[in-house]
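**Q** Supplied in structure tokens, the structure appears directly below.
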Amino acid sequence: MKSEIYNELTSNMKELEEKLVNFVREETAKRGFKKVILGLSGGIDSALVAFIAAKAMGPENVYTVMMPYKTSSKESVEHAELVVKASGINSKKVEITPMVDGYFGMEGEASGLRRGNYMSRTRMCVLFDNSAKENAIVMGTSNKTELLLGYGTQFGDMASGINPIGELLKVQVWELSRYMGVPREVIDKKPSADLWEGQTDEAELGFSYEMADEILYHLIYKNNTKEEIKAKGYDEKIVDTIFSRIARNQYKREMPTIAKIR
């Protein structure tokens, strides 16, 4: 990413941390909760949310659930445990393999996309059930880059009661994680939904998060058009893909449309 863009996006992490900590504290109280809960995947987004929540609510009021599937990497659970140890929050592990395999054992063969979406929604079912058990509001862990590109499952990992990082581009997630002391092992690894062995976000997207964020910066912060961004020398195919994904996945970012009858 070009240094001037990176510097603008990451210029004041102290102020950003304070805003997000206050957001969690105020929005949780506004909804009548004293505790929060989130799914802890071992990835950077959920790790950062866990650190923000611990600072906002106190680690004793933060509950996390690790929900591995049989194909999940061992590293994911290990990294989630590093986050728990570093932040002092509560955690439990719920294996989703019997739930997922039980369904597809009846349903039969399914594409990787269907299986991945089902895993994501199964995890959210587990999380919301535990939220009722602990009387804790569910925290979202999707960042702005993912939300704009539609890189998430509707009513799966995109579901939540509050989301403190939904306005952060991925590079801001990385920088704030460094600032707040998220374990380096989590920060430095390649982002992955961990749906199958060797899977990475950027390989699926077809471009790096840094490139996506740079293009999104020109769109969001500078209000540039698609053609203006292309004129700056960016790969036309990548620009077209990003704009297409934003338009195609708009429905994921909205509440269900209700028919108006009066």
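**Q** Taking K and R as +1 and D and E as -1, what net charge do the other residues with C-beta under 9 Å from the C-beta of I137 add up to?
**A** Result for the neighbourhood of I137: +1.
**Q** How far apart, in nm, are the 7 Å Cα→Cβ label points at Y103 and N135?
**A** So the two model labels end up 3.0 nm from each other.
**Q** Per residue of the chain, what 222 nm ellipticity follows from adding -39500 (n - 2.57) for every DSSP H run with n ≥ 4, rounded to the nearest 500?
**A** It comes out at -17000 deg cm²/dmol, rounded to the nearest 500.
**Q** Related question: Which value results for Rg/Rh of the range 3-253 when Rg is the Cα radius of gyration and Rh the Kirkwood radius based on the inverse mean 1/r?
**A** Using Cα coordinates only, the ratio equals 0.96.
**Q** For Cα pairs less than 8 Å apart in space and 6+ apart in sequence, what is the mean separation divided by the residue count of the range 1-120, i.e. the relative contact order in percent?
**A** In percent, rounded to a whole number, it is 21.
**Q** Among R31, R115, which comes first, then next, by fewest other beta-carbon atoms within 10 Å?
**A** Final ranking by Cβ density, sparse to dense: R31, R115.
**Q** Taking 8 Å as the Cα distance limit and 6 or more residues as the minimum spacing, I'd like the relative contact order of the chain as a percentage.
**A** 21 percent
**Q** Among 41-48, 213-220, what's the highest-first ranking by average C-beta atoms within 10 angstrom per residue?
**A** 41-48, 213-220
**Q** Can you tell me the order of 6-15, 63-72 when each peptide is scored by its average per-residue count of other Cβ atoms within 10 angstrom, highest first?
**A** Listed from highest to lowest mean packing, they are 63-72, 6-15.
Each value in this text was obtained by applying a stated rule to the coordinates, not by laboratory testing. Please read all numbers here as calculations on a predicted model, not as lab measurements. Reconstructed Cβ throughout: ideal geometry from the backbone, glycine too, with neighbour counts over all protein chains shown.
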